[in-house]
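Presented below is the structure to which this report refers.
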Amino acid sequence: MFRFVRGTGHIHDGAFSAMDLTARHPRTGELLSTVKFMVQTLAAAGELQRELTYDGLRAAEAKGNKGGRRPALAGETVADVRAAYLDGRSIASLAREHDVSRGAVRTAVADLLPDHTTADQDATAPELSVTLDMPGKVADFLRATELEPAERAALGQGQAVRRGTGYTLRVTGLPALHRQLLDRCQSLDGAGAIPAQRKARREYENRVNTLG
């Protein structure tokens, strides 16, 4: 191998580093015959290298190798790969099936690998669903209020427990959902609220506040 420095006429390193491609005959001023021969040889070698590279690329394409960076997994394919991995499929077989690198498959199933550790040890743990007893007067008010689909679904799935002449609705949801429901019935604690409703809301508020 050699490296030719453009503009100097010299080969910088390699087996021909001592050769000056600008050397001329002292009397005629023409390029030395050895220089002409070397230039022609180097040009032929470069052309041969280009042809060999091109032939190699065409042979690879004929075998189905398109070259370049292999695509990564995306969209629904990620879910399919994760499900297959959980079913016992190997990373290598999944890479062949989806025509991606093994690294792409490892990225898709990173949190499922046996040696997976949490990247951020200080990250806050995800909230878990909790069940709170919501006074019936609060539940009745909320049912008549415009709610988000998740909020209405939580009320619809709540379990009613009779309490004397009234009832309590056991609602299960994330702490954030309970706080949202509490905010929805804020008017029950206003100046014109019925005392029984105000009391019911405060009971629910106390339970929500225990969630931290």
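Where a number appears in this text, it was derived from the coordinates with a stated rule and is not lab data. Everything quoted here is computed from the prediction, not taken from an experiment. No Cβ is skipped: glycine too gets one built from the backbone with ideal geometry, and neighbour counts run over all protein chains shown.
Give me, ordered by chain and number, the residues 5 or more places off Met134 or on other chains with an amide H under 5 Å from its own placed amide H.
HN-HN under 5 Å from Met134: Leu169, Arg170, Val171.
Starting from the Cα of Ser93, step 7 Å along the direction of its Cβ; do the same at Gln49; then give the gap between the two resulting points in nm.
It works out to 4.5 nm between the two label points.
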